[in-house]
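The structure appears below as structure tokens.
The values are calculated or read from the model by the stated rules, or taken from the named source; none is laboratory data. Small disclaimer: the values here were computed from a predicted structure and weren't measured. A quick note on method: Cβ atoms are made from the backbone with ideal geometry, for glycine too, and the neighbour counts reach across all protein chains shown.
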Amino acid sequence: MSRVNLAIIGGGLVGASLALALQAGAKARGWKILLIEPFAPGDSFQPSYDARSSALSFGTRQIYQHLGLWQTISPRAEPIRQIQVSDRGRFGATRLDALEEGVPALGYVVENAWLGQCLWQGLDSEVVSWRCPAEVKAMQAIEGGYRLLLDDDTSLECDLAVLADGGRSGLREQLGIHVRRTPYEQSALIANITPGEAHCGQAFERFTEQGPMALLPLPDNRCALVWTRQGMDARRLAEIDERSFLRELQDAFGYRLGALRQVGARHLYPLALIEAQEQVRPHLVVLGNAAHSLHPIAGQGFNLSLRDVQSLADALLAGPQHPGDLATLQAYHQRQRLDQALTIGFSDQVTRLFGSNQPLLAAGRNIGLLGLDLLPPAKSWFARQAMGLGTRPDPRGQA
Ligand SMILES: Cc1cc2nc3c(=O)[nH]c(=O)nc-3n(C[C@H](O)[C@H](O)[C@H](O)COP(=O)(O)OP(=O)(O)OC[C@H]3O[C@@H](n4cnc5c(N)ncnc54)[C@H](O)[C@@H]3O)c2cc1C
């Protein structure tokens, strides 16, 4: 039976990023890392690399820069120069501006398929190997590690198992790790849109009575739409013909980018806040969506997970030669606890505040938006949370 130092279960954006963050240090230590993933790289059904795009925060750019991958990612990373936050049918609106915040961009929008390709290409095959297509069916704690059983009936052992198999992780359940699940009773509809006018790096967060929407700038003057609606309504919007869809979208979004011309394939994601009640055990870490799945409207889920990834890699590479001791894993988790709590809280509060039709809350957010625009420190705080820098050193001057 083969044995590796680290087995990463799930080669999605988070699992592959962890392999990347570890590989240089792992090489120096002689560690072997194995990524196990059911979908072959480049397969369009791979859940992490579907038609979705991700808004990467400025903090995420800094992490990939540190890992030497930003240069590869950046040719297809569209900078967000401004974010306009508005409430349909109300006056409150605020505009966050990269120049005002002293950064080259508030964030970057990248297609997941592109990010996936960059990650795979960045992996060093001397340190990181793949079992793909392969799925972990079961895992069992053994002396000094875990034994993993794969779907081809082979098994392997590892010092440290990293569970990065996504929000619906079946293995998490098998291991008896409970989750707190708070359904939002909403689905996110995603699609790429071609607007009539140039987006000029503007991102729009717009709150409507039917749910919040984000329109993010993509390369080639396309925009990535994330439109949150009640489950049934989202399904209806996913099924109506393109012209009717564009008409409804135009009505909700307005003419900020002129007439909306074209819509690509539409996909639905049911939404819930999922938080694993345990993230570390001896020889085990739960990471990415398996640890915490957030509402996508504030664009924080992957950015938070990447900060976890960097922090875990730092802890492991400063820890003992055999990865997986509980003290190191607990120190990692302790270090990320505040960041996780703040980011999950920010994302959940923004979602609930802006998703509500209650007149008092709606009036409150209207005042909030007006207030944000009039109060530069509050606006800067909001911008720092949105940039994924809420618990990180101030990037101004480092750009
Ligand atoms: C509509 C939408 C928009 C979003 N937009 C943003 C955004 O703008 N910014 C942001 O920061 N975040 C965003 N997110 C969140 C972001 O997509 C997630 O945080 C990210 O995809 C999590 O990656 P992951 O690798 O943890 O999980 P996943 O992407 O779910 O990947 C898990 C991987 O594990 C594999 N796997 C599953 N089971 C097994 C098994 N048994 N054995 C081996 N492998 C297995 C799967 O094939 C998959 O490749 C968005 C989410 C949604 C739904």
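Values for this structure:
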| read-out | value |
| --- | --- |
| Candidate set from region 126-166 (those that are of a type in the set (Ser, Thr, Tyr) and more than 26 Å from the chain's Cα centre (by Cα)); member that is farthest from Ser311 (Cα to Cα) | Thr154 |
| Long-range neighbours under 7 Å by Cβ, at least six apart or interchain, first residue in contact (Cβ under 8 Å) with a residue 24 or more places away in the chain and assigned to a loop (DSSP other than H, G, I, E, B) within region 268-296, second among the aromatic types (Phe, Trp, Tyr) and away from the ligand (no atom under 12 Å from the Cβ) | His283/Tyr146 |
| Among (1) surrounded by fewer than 20 Cβ atoms within 10 Å (Cβ to Cβ); (2) in contact with a Gly (Cβ under 7 Å, 6 or more places away or on another chain), the one test that Ala290 misses | (1) |
| Hits in region 187-208 - residues which are touching a Pro at 6+ places or on another chain (Cβ under 8 Å) and either among the hydroxyl-bearing types (Ser, Thr, Tyr) or part of a strand (DSSP E or B) (or both) | Ser187, Ala188, Gln202, Ala203, Glu205, Arg206 |
| Members of region 205-230 that are more than 20 Å from Ala55 (Cβ to Cβ) and surrounded by 15 or more Cβ atoms within 10 Å (Cβ to Cβ) | Gln210 |
| Every residue from region 35-66 that is modelled with pLDDT of 65 or more, within 6 Å of the ligand (Cβ to nearest atom) and not charged (D, E, K, R) | Ile36, Pro38, Phe39, Ser54, Ala55 |
| Candidates Arg172, Arg180, Arg206 - the one that is more than 14 Å from the ligand (Cβ to nearest atom), touching a residue at least 12 places away in the same chain (Cβ under 8 Å), among the basic types (Lys, Arg) and touching a helix residue (DSSP H, G or I) at 6+ places or on another chain (Cβ under 8 Å) | Arg206 |
| Boolean, Leu260 is of a type in the set (A, V, I, L, M, F, W, C) and modelled with pLDDT under 95 | no |
| Residue match in region 265-277 (condition: under 20 Å from Gly345 (Cβ atoms), more than 8 Å from the ligand (Cβ to nearest atom) and surrounded by 24 or more Cβ atoms within 10 Å (Cβ to Cβ)) | no |
| Any hit, region 229-252, residues being assigned to a strand (DSSP E or B), hydrophobic (A, V, I, L, M, F, W, C) and in contact (Cβ under 8 Å) with a residue 24 or more places away in the chain | no |
| Matching residues in region 172-231 - criterion: being under 18 Å from the mean Cα position of the chain (by Cα), within 30 Å of Val280 (Cβ to Cβ) and hydrophobic (A, V, I, L, M, F, W, C) | Ala188 |
| So Ala198, is it within 11 Å of the ligand (Cβ to nearest atom) and modelled with pLDDT of 95 or more | no |
| Residue list for region 110-157, filter: away from the ligand (no atom under 13 Å from the Cβ), buried (at least 19 other Cβ atoms within 10 Å of the Cβ) and closer than 15 Å to Gly15 by Cβ | Cys118, Gly122, Leu123, Val127, Val128 |
| Selection count where residues are part of a strand (DSSP E or B) and of a type in the set (Asp, Glu), scope region 123-163 | 2 |
| Candidates Leu312, Leu257, Leu246, filtered to the one that is buried (at least 23 other Cβ atoms within 10 Å of the Cβ), away from the ligand (no atom under 16 Å from the Cβ) and over 15 Å from the mean Cα position of the chain (by Cα) | Leu257 |
| Residue that is farthest from Ala26 (Cα to Cα), among those in region 297-309 that are part of a helix (DSSP H, G or I) and within 6 Å of the ligand (Cβ to nearest atom) | Gly301 |
| Members of region 209-227 found to be in contact with a helix residue (DSSP H, G or I) (Cβ under 8 Å, 6 or more places away or on another chain) and away from the ligand (no atom under 16 Å from the Cβ), listed by number | Gln210 |
